[in-house]
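The values are calculated or read from the model by the stated rules, or taken from the named source; none is laboratory data. All values derive from a computational prediction rather than experimental measurement. A quick note on method: Cβ atoms are made from the backbone with ideal geometry, for glycine too, and the neighbour counts reach across all protein chains shown.
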Amino acid sequence: MLYNKLEKKRNWKKIIGIILLATLILSTIYAIIKITNSPSKAIEVNIHTKLKSDYVLMLLQCLVGLFVMMIPSIIQRKFSIVIPNTMEILYFIFLYCAIYLGEVRNFYYLVPHWDTVLHVFSSAMLGTLGFILVNILNNAEQLKFSLSPLFVALFAFCFSLAVGALWEIYEYSFDGLLSLNMQKFALEDGTLLLGRQALADTMKDIMVDALSALITSIIGYKTIKKHALLSSYSDLDNS
């Protein structure tokens, strides 16, 4: 029975992975085609027409997506680390929502707070991954140490926030290199924002990342404390 359940999870991971891979490949081809026949500047009669820069961003995101979706498999093969199937499924769903729905289907502009929802989701996943990494280290035979629940929660919080900050650096860098608008310093019609408005999207993302990571870390801390308390009670009963 347990084996059948695990097989079903593996199948779901494979199915969702194939859907994501096919979607990213088709979106990459679509972006390349559109780059060749899209205008470089907005046409006055239709300022909402997608420009070459929009499709360059779409292409970049799809290529990055194709690479990062392989990261879990690379980590598992190279470092013999087992990543839970549920985490991989959520990871694939996140990439689908962020790249295909967000960038290709334009959900970032069409759906209110779509970017915020994704940042909450991703930061919570990264915080959970931080807990998993520490658990792997605690259980490693080569490393004999046990970390306090507070330190584990602090590590998970910092890990999630650090990856979120690196993502903002990536967005800022490629916005400058390729004249993109990942940090939303311009409106959809190309109007440039100034001062605090230009920083609003980036700072909102970082603050949302921090809040989501904090909530995940608190939940993880309480879970570890509860597990440790139950283990101590069990040891007392056995003695």
Residue in the range 68-90 that is closer than 30 Å to L187 by Cα, in contact (Cβ under 8 Å) with a residue 12 or more places away in the chain and under 12 Å from the mean Cα position of the chain (by Cα) present: yes
query: Do you know which residues across the range 176-226 are modelled with pLDDT of 90 or more, more than 19 Å from the chain's Cα centre (by Cα) and closer than 19 Å to L110 by Cα?
result: A200
task: Name the helices (runs of 4 or more DSSP H) wholly inside the range 71-162 in which the number of residues that are surrounded by 14 or more Cβ atoms within 10 Å (Cβ to Cβ) and of a type in the set (D, E) is 1 or more.
output: 85-95, 114-139
